[in-house]
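Down below is the structure, laid out as structure tokens.
None of the figures in this text is laboratory data; all of them are computed from the coordinates on show. None of these values were measured; they are calculated from a predicted model. In this analysis, Cβ positions are derived from the backbone assuming ideal geometry, glycine residues included, and neighbour counts consider all displayed protein chains.
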Amino acid sequence: MREALLKTGKVGVAQFVLRNRDSLCILKPYGNGLVLNALRFSDEIRSMEELALPANEQLSPSEVSLAVQLIDGMSALFNPTKYSDTYTDELKKLIEAKAKGQKREAAAPKAAKTNVIDLVSALQECLGKVKKGKKKDAA
């Protein structure tokens with residue numbers, strides 16, 4: 001399959017089951033194997049008009065500049081080893097505990113947050129923390 005897809009310059013389209021649900025995908029050659037990219041069925045795709053997004057609001061240049069500074073201050077090379085699947089890790093711990101006969105009580109539901117924050121103030125506060133962190137790194 002991989003060799004035929006490489007030779008023809010095409011990808012395969014297929015359906016598979018994931019989490020008890022039909023899914024759509026493409027199979028494409030990559031290296032010595034095949035890569036499966038999950039797609040969405042047409043009824044799963046919503047138009048932008050359906051989303052009822054707010055109208056384009058004019059942003060002040062200072063707001064955009066602040067956001068750019070924040071992004072620049074927090075940017076770093078991507079290191080995938082910094083991230084892990086905590087859901088699977090916690091699930092494995094739970095399974096091991098249950099296998100040993102331990103019982104675990106469900107966590108209390110979290111209260112919904114109702115406070116509204118000023119985004120610009122929050123960005124300025126975060127930017128201040130980023131600048132302080134960079135000064136420590138330079139020392």
Using the scaling law 2.2 N^0.38 Å as the reference, what is the normalised Cα Rg of segment 2-44?
1.28
Spacing of the two label points (7 Å from each Cα toward its C-beta) at residue 97 and residue 57, in nm:
4.2 nm
All other residues with a Cβ under 13 Å from the Cβ of residue 8 taken together, and with Lys, Arg as +1 and Asp, Glu as -1, what is their net charge?
+3
At a Förster radius of 35 Å, what calculated FRET efficiency corresponds to the Cβ-Cβ distance of residue 5 and residue 71, to the nearest 0.05?
0.35
Cα-based shape type of segment 66-109, given that a ≥ b ≥ c are square roots of the gyration tensor eigenvalues and the cut on a/c is 1.5:
oblate
Which residues qualify? For residue 35, with a placed amide H closer than 5 Å and at least 5 residues away or on another chain, they are 28, 30
Computed D for the chain, Stokes-Einstein, Kirkwood radius over alpha-carbon pairs, 10 °C, 1.306 mPa s, to the nearest µm² per second, is 72 µm²/s
The ³J(HN,Hα) series, computed from each phi in segment 64-75 with the Karplus coefficients 6.51, -1.76 and 1.60 at θ = phi - 60°, rounded to the nearest Hz and given as x for glycine or proline, is 5, 4, 4, 5, 5, 4, 4, 4, 4, x, 9, 6
Lysine pair count for segment 1-113 [Cα-Cα under 14 Å; pairs on different chains or 8 or more apart]
4
With θ set to phi - 60°, apply the Karplus curve 6.51 cos²θ - 1.76 cosθ + 1.60 along segment 30-46 and write out the HN-Hα couplings as whole Hz, x wherever there is a Gly or Pro.
8, x, 8, x, 10, 10, 9, 10, 6, 10, 10, 6, 4, 6, 8, 9, 9
